[in-house]
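> Below is a structure I'd like to ask you about.
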Amino acid sequence: MSVIGVVHQVKPAGVWKVSACSDLFMLIYDAKSPAPRCLRMFLLEKQLLLPAVTVDVFTGENRQPAFLAIDPAGQMPALRCDDGSTLGEAVAIAEYLEELHPSPALIGSTPEQRARTRQWWRRVELNVTEFIHNAYHYDEGLSRFESRIPVLPDAAAGLKAIARDRLRWLDGMFGAGPYLCGERFSAADIWLYVWLDFALAVNQPFDRTLRHIEPWFVRVAARPSAAHSRQLLRCMRLLGSTGRLARRATWWKTPSRCCGPTSGRASTSTRSQRRCSPTGRRRSSPRGRN
Ligand SMILES: N[C@@H](CCC(=O)N[C@@H](CS)C(=O)NCC(=O)O)C(=O)O
């Protein structure tokens, strides 16, 4: 395990206030990339803390045998479940965690709310973010991805055009409320925000004159989780074994400090990854965008 990542240690006392703790086996495989950032923002909004290892997707650590033995899909994020199995796909992980921790609801607390969120979520993924992602693989990320997946550089410009067009389409359907689901902030907002923010960073700017999307983007960017999710997850120190899954932290009481440089220590031992031992060594963040 130590070959594929490092457990991030808790921030100094006082920054994160842990109100409950657990004997964790669950573990997030995190990376400096947009799909993991969607999950990080989701976890921050839910105030869920899980231990995490960082996998270096820039050098392709995720596609090496050590990680493929954990998750044959070889992509981030992934969740090691309590039974030791691995769950991939950020949306599936979010759905699972929301079932275990329903409140605050980011998918929905009623069948109607959940259906509405999933409607927007699928529109966002199938029409916009997947096009941004693939265009990135075929253009800005080509040198990194051509040895990993089939790439179609000639298609990149067309995919970008489709993403822009479908974003205009979303803009046209935007209702009167501040978020995609009206008054309710949801996972669909997180996914669209993170991918548009990524697109801006990789030379795929979206149309800043869009009537609804532009103020919506600014609104979501102002949420503390938007800035905090740029940072990789850090493992929290175990204080006992009173629960199974995760701890909640009052992270937004001290948002500015949480945005500071990584100051936690990290451990490379397998036991530490399971137990989130406070001992270990410091490690700098991997290169790349999150
Ligand atoms: N649909 C997947 C996408 C996963 C994905 O493509 N992850 C990227 C990071 S955004 C990755 O692992 N890239 C490295 C690689 O494919 O080698 C999800 O949403 O979880």
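The values are calculated or read from the model by the stated rules, or taken from the named source; none is laboratory data. Here the structure is a predicted model, which is why all the values come from computation and not from measurement. Backbone-built Cβ (ideal geometry, glycine too); neighbour counts: all protein chains shown.
Residues checked against (1) of a type in the set (A, V, I, L, M); (2) out of contact with any helix residue (DSSP H, G or I) (no Cβ under 8 Å at 6 or more places or on another chain); (3) surrounded by 21 or more Cβ atoms within 10 Å (Cβ to Cβ):
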{"site": "PRO111", "(1), (2), (3)": "no, yes, no"}
{"site": "ARG114", "(1), (2), (3)": "no, yes, no"}
{"site": "TRP121", "(1), (2), (3)": "no, no, yes"}
{"site": "ASN127", "(1), (2), (3)": "no, no, no"}
{"site": "SER143", "(1), (2), (3)": "no, yes, no"}
{"site": "SER147", "(1), (2), (3)": "no, yes, no"}
{"site": "LEU152", "(1), (2), (3)": "yes, no, no"}
{"site": "TYR179", "(1), (2), (3)": "no, no, no"}
{"site": "SER186", "(1), (2), (3)": "no, no, yes"}
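> Let me ask another. Within 12 Å of the ligand (Cβ to nearest atom), under 19 Å from TYR179 (Cα atoms) and assigned by TED's automatic domain parsing to the domain that holds ARG37: does that describe VAL91?
yes
> Another question about this same structure. Name the residue, out of PRO77, PRO104, that is within 20 Å of CYS38 (Cα to Cα), at pLDDT 95 or above and within 10 Å of the ligand (Cβ to nearest atom).
Criteria check complete, one pass: PRO77.
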